[in-house]
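Novice: Encoded as structure tokens, here's the structure I'll be asking about.
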Amino acid sequence: MPAFPPPEAAPPVFTTPEPGAAPVPEPRYAVADAVPGTEAAAGSAEAEAARAAAYQETIVATFGGKRGLVEAGLPTIVFLIVYTATRSLNASLWSAVAVAAVLTVVRLAQKDKLQYALSGLVGVAVSAAFAKFTGQARNFYLPGVLQNSGEALLFGISALVRWPIVGVLIGPITGEMTAWRQHPERLKAFTVSTWLLTAMFAVRVAIEVPLYLSNQLTALGAAKVLLGYPLYLAVAFVCWQIIRKAPLPKETATPSS
């Protein structure tokens, strides 16, 4: 799961006029004229608000919008409820796949993006295949455990080599691209944020693996839901509070090798 994929339209923090374009006059306000620095402060506040809005939209868009946040965990919850009630692997798997399929059909009928419409169904289908072919209900959660393990390793390595993934993904949102690597405060903010996400993935693995190995399916399913998007959104909020306090570079720097 990508941490912070860039939105389709990020706020242009660093922009330069096209060659030959007419200069754009700076707006003037009576208040700004009366109080020196007010106009600059207002512009800074607007830029900050734009970045915050883009960041929030990016986090939500990761899951297909606010609706996607609700839909993402529904098949898992259905699987857990049906299996707990019936102890039937087939009934549980078909129930989860059916719910995911219905949600996909509804999205396609509403002409939603194919990415969001199919991603949930594919994820549930893969999980169901793991459980079906092994004959063990707990393996419905195995792909998620493996994914969290891989992401913990990937994010941790990126922070160690000073190419934190959060910075790579947030750079296009703020318009700085990779210029943050030449600014210690920005590099530190992105590195700390990447370590926070690494810790989140590690916590998931530390809790889910013992439950998986001991075949505590009900507890594993509950952990999967609670440690999923609710925890991710909480960590993402903390990351943004760290990132927004690190000043943006005043100009685009040449990406370092």
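Novice: ³J(HN,Hα) across region 100-110 via Karplus (A = 6.51, B = -1.76, C = 1.60, θ = phi - 60°), whole Hz, x for Gly/Pro?
Specialist: Using θ = phi - 60°, the values come out as 4, 5, 4, 4, 5, 4, 4, 5, 5, 5, 8 Hz.
Novice: Tell me, what ³J(HN,Hα) does each residue in region 143-155 have, in order and in whole Hz, if you take phi through Karplus 6.51 cos²θ - 1.76 cosθ + 1.60 with θ = phi - 60° and put x for Gly and Pro?
Specialist: x, x, 5, 5, 5, 5, 4, x, 5, 4, 5, 5, 5
Novice: Still on this structure, I have one more. Which distance in nm do the two modelled labels at residue 106 and residue 87 give, with both placed 7 Å along the Cα-to-Cβ direction?
Specialist: Output for this residue pair reads 3.3 nm.
Novice: Run the quick spin-label model on residue 226 and residue 188: label points 7 Å from Cα toward the beta carbon, then report their separation in nm to one decimal.
Specialist: 3.5
Novice: In whole Hz and in residue order, list the ³J(HN,Hα) couplings for region 205-215 that follow from phi through the Karplus curve 6.51 cos²θ - 1.76 cosθ + 1.60, θ = phi - 60°; x for Gly and Pro.
Specialist: 5, 4, 8, 6, 4, x, 5, 5, 5, 8, 6
Novice: Could you tally the net charge around residue 140, taking each other residue with its Cβ under 15 Å from the Cβ of residue 140, Lys/Arg +1 and Asp/Glu -1? Kindly include the intermediate steps, with their values, before the conclusion.
Specialist: Numbers: positive: 87, 132, 138, 224; negative: 208.
That sum, taken over residues with Cβ under 15 Å, equals +3.
Novice: Another question, then. Within region 216-236, name every residue whose backbone N is under 16 Å away from a label modeled 7 Å from Cα of residue 136 along the Cβ vector.
Specialist: Only 216-221 fall inside the zone, counting backbone N under 16 Å.
Novice: For region 138-257, how big is the tail of P(r) above 22 Å, as a whole percent of Cα pairs?
Specialist: Of all Cα-Cα pairs in region 138-257, 41 percent lie more than 22 Å apart.
Novice: Out of the trypsin sites (Lys or Arg not before Pro) in region 78-153, which ones are loop residues according to DSSP with at most 14 other C-beta atoms within 10 Å?
Specialist: When the trypsin sites (Lys or Arg not before Pro) of region 78-153 are filtered for loop state and at most 14 Cβ neighbours within 10 Å, 87, 111, 113 remain.
Novice: Now for a different question. So who's got an amide H within less than 5 Å of the one on residue 136, skipping anything under 5 residues away but keeping other chains? H placed 1.01 Å off N, in plane.
Specialist: none
Readers should treat all values here as calculations from the given coordinates under stated rules, not as data from a laboratory. The structure displayed is predicted, hence computed values, not measured ones. Note: ideal-geometry Cβ built from the backbone for every residue, glycine included; neighbour counts use all protein chains shown.
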